[in-house]
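Below is one structure, written out as structure tokens; the observations come after it.
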Amino acid sequence: MLEKYLDVKPEIKKAIEEGRPVVALESTIISHGMPYPQNVETALAVEKIIRDNGAVPATIAILDGVLKVGLSGEEIDHLGQAKNVIKTSRRDIPFIIAKKADGATTVASTMIIAALAGIKVFATGGIGGVHREAQETFDISADLQEFAHTNVAVVCAGAKSILDIGLTLEYLETFGVPVVGFKTEELPAFYTRKSGFGVDYKVDDEKELALAIKAKWDLGLNGGVVVANPIPEEYQMDYDTITTAIENALKEAKEKGIKGKESTPFLLAKVKEITGGASLDSNIKLVFNNAEVAAKLAVELSKL
């Protein structure tokens, strides 16, 4: 029945069957996260980084209602330019399929499709989480519930700094999701290496991380793992500058009544505008960094 919906690129399918390392990649960053052509250039560069570090890249999207695991260059370019690509989370998947539409996968939906294909490691920019003032709006990303249930390790630069990071960590703790700092004891906040919040555990290399992840799933402790990998120091933004930009962007979003799935793309675009494009450069560098760590983690997991 799954084959009716899922199309796994032959190279990726063969790698999974042979137990070789594969890294999943999302597509929202292509269609909603960056302007063209930087979005396509970044997506292709990330795939190359993963290959250069010994793993097979698997960019995930929904095209014409089909769950695609692995995209061609033409398909990535289509996602980068098309205007009718729907930002797709868990709730949206069956309807995108039924309408035979195009969908760009978020962290949550990428985790789901990666798990269906048998992929255990996923590289992204930053995860969604609990939005500021969520105690009134109940605006909480579906990404967090996916971490509670789906066995995929997600390498990210922490939670997006537009979120309430403290509440995001509390939510993850409630559902038993480990937040692991890769060579750091402090949770990175996407554009910056610091947030003021600690992680559950610090690991110093991909081998140690792979051993812990394997033990978790071998014991039937279902759910994902947040692998928080800080942006390289030379590319991080000034903490005060980015904090001020985010506060201004949040104020404008509130004034305009922007909520739900539209809030994150709006806020990231507004921060880019306020920072004169510097935030986009940081975004690209942290994605590259996450791809490298994810590939090395996938290699270590494939050995166990």
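At a glance:
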item: Residue among Leu221, Leu250, Leu211 that alone is in a helix (DSSP H, G or I), within 30 Å of Ile119 (Cβ to Cβ) and modelled with pLDDT of 80 or more; result: Leu211
item: Ile127 vs. criteria more than 14 Å from the chain's Cα centre (by Cα) and either closer than 25 Å to Ala295 by Cα or among the aliphatic types (A, V, I, L, M) (or both); result: no
item: Selection from the range 40-56 of residues that are buried (at least 24 other Cβ atoms within 10 Å of the Cβ) and in contact with a Gly (Cβ under 8 Å, 6 or more places away or on another chain); result: Ala43
item: Residue pairs meeting the criteria (Cβ under 6 Å; at least 6 apart or on separate chains; first touching a residue at least 60 places away in the same chain (Cβ under 8 Å), in the range 249-262; second surrounded by 14 or more Cβ atoms within 10 Å (Cβ to Cβ) and β-branched (Val, Ile, Thr)); result: Ala249/Val271
item: Pair list, Cβ under 7 Å, 6 or more apart: the range 280-293 residue within 19 Å of Ala245 (Cα to Cα), other residue among the small types (Gly, Ala, Ser); result: Asn283/Gly125; Leu286/Gly125; Leu286/Ala157
item: Looking only at the range 234-243, and only at residues there that are part of a helix (DSSP H, G or I) and surrounded by 14 or more Cβ atoms within 10 Å (Cβ to Cβ), the one that is modelled with the highest pLDDT; result: Tyr235
item: Any hit, the range 57-69, residues being buried (at least 17 other Cβ atoms within 10 Å of the Cβ), touching a helix residue (DSSP H, G or I) at 6+ places or on another chain (Cβ under 9 Å), of a type in the set (Lys, Arg) and under 26 Å from Leu297 (Cβ atoms); result: yes
item: Residue satisfying all of: in the range 110-140; among the polar types (S, T, N, Q) and in contact (Cβ under 8 Å) with a residue 60 or more places away in the chain; nearest to Pro188 (Cα to Cα) among these; result: Thr124
item: Subset of the range 8-34 (residues that are touching a residue at least 12 places away in the same chain (Cβ under 8 Å) and exposed (fewer than 15 other Cβ atoms within 10 Å of the Cβ)); result: Glu11, Gly19
item: Count of residues meeting criterion [in a strand (DSSP E or B), more than 11 Å from Pro230 (Cβ to Cβ) and either touching a Cys at 6+ places or on another chain (Cβ under 9 Å) or touching a residue at least 40 places away in the same chain (Cβ under 8 Å) (or both)] in the range 178-208; result: 2
item: Residue selected from the range 124-159 under the condition out of contact with any strand residue (DSSP E or B) (no Cβ under 7 Å at 6 or more places or on another chain), over 18 Å from Ile213 (Cβ atoms) and among the hydrophobic types (A, V, I, L, M, F, W, C), by the criterion surrounded by the most Cβ atoms within 10 Å (Cβ to Cβ); result: Ala157
item: Residue within the range 254-268 that is among the charged types (D, E, K, R), closer than 20 Å to Gly166 by Cβ and in a helix (DSSP H, G or I) present; result: yes
item: Search result, residues across the range 281-304 that are farther than 13 Å from Asp52 by Cα and either of a type in the set (Lys, Arg) or outside any helix (DSSP H, G or I) (or both); result: Lys285, Lys303, Leu304
item: Residue check for Glu206: closer than 23 Å to Lys120 by Cβ, surrounded by 16 or more Cβ atoms within 10 Å (Cβ to Cβ) and more than 16 Å from the chain's Cα centre (by Cα); result: yes
item: Hits in the range 264-304 (condition: surrounded by 21 or more Cβ atoms within 10 Å (Cβ to Cβ) and closer than 18 Å to Ser141 by Cα); result: Thr264, Leu267, Leu268
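The values are calculated or read from the model by the stated rules, or taken from the named source; none is laboratory data. These figures come from a predicted structure and were not determined experimentally. Positions of Cβ are generated from backbone atoms using ideal geometry, with glycine treated the same way; all protein chains shown enter the neighbour counts.
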